[in-house]
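Report on the following structure.
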Amino acid sequence: MPRASRLLELMQILRRRRAPVSGQELSKALGLKVLQQPTDMPFGFTLVVEDTDGHRLRPFVLAERPR
């Protein structure tokens, strides 16, 4: 099936950061392709994964004082 030409990234804001997680663990456990390893950014902790349909998913925990 051809992929859509438009890119959509879904974000989900989480209330708190749980245990540290690696992209490899996510990939194994959920079958997701990791596009951005879990990392701290100026706005908070985030990562980006792609599901089997090509949707990009970005969960993140907002920093206490985002820059």
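The values are calculated or read from the model by the stated rules, or taken from the named source; none is laboratory data. Because the structure is a prediction, the values reported are computed rather than measured. Backbone-built Cβ (ideal geometry, glycine too); neighbour counts: all protein chains shown.
Give me the pairs, please: first residue somewhere in the range 14-34 and at pLDDT 65 or above, second residue anywhere and loosely packed, with under 14 Cβ neighbours inside 10 Å and in a loop (DSSP other than H, G, I, E, B), beta-carbon distance under 9 Å, and either six or more positions apart or on two chains.
Pairs that qualify, where the first residue is at pLDDT 65 or above and the partner is loosely packed, with under 14 Cβ neighbours inside 10 Å and in a loop (DSSP other than H, G, I, E, B), are 30/51; 31/51; 31/52; 32/51; 32/52; 33/51; 33/52; 34/22.
Can you tell me how many residues within the range 35-67 are touching a residue at least 40 places away in the same chain (Cβ under 8 Å) and either surrounded by 13 or more Cβ atoms within 10 Å (Cβ to Cβ) or within 16 Å of residue 22 (Cβ to Cβ) (or both)? First the steps, then the outcome.
Our first condition is that a residue be touching a residue at least 40 places away in the same chain (Cβ under 8 Å); within the range 35-67, this holds for 54-62.
With the extra rule that they be either surrounded by 13 or more Cβ atoms within 10 Å (Cβ to Cβ) or within 16 Å of residue 22 (Cβ to Cβ) (or both), the set shrinks to 55-62.
The number of residues fulfilling the criteria is 8.
Quick one: is residue 7 assigned to a loop (DSSP other than H, G, I, E, B), at pLDDT below 80 and among the hydrophobic types (A, V, I, L, M, F, W, C)? Give the derivation first.
Working: assigned to a loop (DSSP other than H, G, I, E, B): yes; at pLDDT below 80: yes; among the hydrophobic types (A, V, I, L, M, F, W, C): yes.
It is true that residue 7 is assigned to a loop (DSSP other than H, G, I, E, B), at pLDDT below 80 and among the hydrophobic types (A, V, I, L, M, F, W, C).
Going by the structure shown, is residue 48 modelled with pLDDT under 80 and among the β-branched types (Val, Ile, Thr)? Walk me through it before giving the result.
Working: modelled with pLDDT under 80: no; among the β-branched types (Val, Ile, Thr): yes.
Answer is no for this residue.
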